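Engineer: Pasting a structure below so you can have a look.
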Amino acid sequence: MFDGVVKLIRDKKIAGETGRYLIIGVLTTLVNFSIFAIMTKKMNIGVTVSNVTSISASILFAYVTNKLIVFRQRGKTGAGLLLEFVKFVGSRLFTMALDVGVVLLFVDVFGQDELIGKTVSLVLVVIGNYFISKIIVFTKT
């Protein structure tokens, strides 16, 4: 599945940075949501631990795919690469706090199912992550 998506993006059949981001965003969301669902529904692990674990895995996936596929950043080494990674992880920790807060709000305050809260939070997080990555993390400098 991933090979086909990467080929579509590489062959430029998915036009532009925004299109690439949407495809990678969907894949990152699937990584996040799948791990969360498995941990909460199949393994009976608590919501917060499952959420933090699923977000952490998706952050690593997102960094590599956003850097190489979406924003096509290459050539940074040493301090430049480290700074970029720190900015990326820092921005994702910010949106992780948003994610955790929204899920807890839906589950603990509104009494909704975990997956409903997670779905709402992921929409907000995907939008926020694009703008943060575009403006702060993957700059051309």
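The values are calculated or read from the model by the stated rules, or taken from the named source; none is laboratory data. Fair warning: this is a prediction, and the values are worked out from it, not measured in the lab. With ideal geometry, Cβ positions are generated from the backbone for all residues, glycine too; neighbour counts draw on all protein chains shown.
Engineer: Considering only residues that are in contact (Cβ under 8 Å) with a residue 60 or more places away in the chain and within 16 Å of the chain's Cα centre (by Cα), which ones fall in the stretch 82-118?
Structural biologist: Across the stretch 82-118, the qualifying residue is only K118.
Engineer: Could you tell me which numbered condition V70 fails, if it satisfies all but one of (1) surrounded by 19 or more Cβ atoms within 10 Å (Cβ to Cβ); (2) at pLDDT 90 or above; (3) farther than 13 Å from N51 by Cα?
Structural biologist: Every condition holds for V70 apart from (2).
Engineer: Looking at L104, L98, L122, which is the one that is of a type in the set (A, V, I, L, M) and buried (at least 18 other Cβ atoms within 10 Å of the Cβ)? Give the steps one after another, and end with the answer.
Structural biologist: Numbers: L104 fails: buried (at least 18 other Cβ atoms within 10 Å of the Cβ); L98 fails: buried (at least 18 other Cβ atoms within 10 Å of the Cβ).
The conditions single out L122.
Engineer: Would you be able to say whether some residue in the stretch 29-47 is within 20 Å of K134 (Cα to Cα), part of a helix (DSSP H, G or I) and modelled with pLDDT under 90?
Structural biologist: Within the stretch 29-47, one or more residues are within 20 Å of K134 (Cα to Cα), part of a helix (DSSP H, G or I) and modelled with pLDDT under 90.
Engineer: Among the residues of the stretch 1-15, count how many are assigned to a helix (DSSP H, G or I) and either within 30 Å of G117 (Cβ to Cβ) or modelled with pLDDT of 85 or more (or both).
Structural biologist: Count: 2.
Engineer: Residue under question is F110, and the condition is that it be hydrophobic (A, V, I, L, M, F, W, C), crowded, with 16+ Cβ neighbours inside 10 Å and modelled with pLDDT of 90 or more; does it hold?
Structural biologist: Here the answer is no, as F110 does not meet what is asked.
Engineer: Has the stretch 72-85 got at least one residue that is closer than 25 Å to G16 by Cβ and in contact with a Lys or Arg (Cβ under 7 Å, 6 or more places away or on another chain)?
Structural biologist: yes
Engineer: So, in the stretch 131-141, of the ones that are under 13 Å from the mean Cα position of the chain (by Cα) and either surrounded by fewer than 18 Cβ atoms within 10 Å (Cβ to Cβ) or not hydroxyl-bearing (S, T, Y) (or both), which residue ends up nearest to A79 (Cα to Cα)?
Structural biologist: I132
Engineer: Could you count how many residues in the stretch 14-42 are under 12 Å from V126 (Cβ atoms) and aromatic (F, W, Y)?
Structural biologist: Qualifying residue count for the region: 2.
Engineer: In this structure, is G117 surrounded by fewer than 16 Cβ atoms within 10 Å (Cβ to Cβ) and either more than 19 Å from R20 (Cα to Cα) or modelled with pLDDT of 90 or more (or both)?
Structural biologist: no
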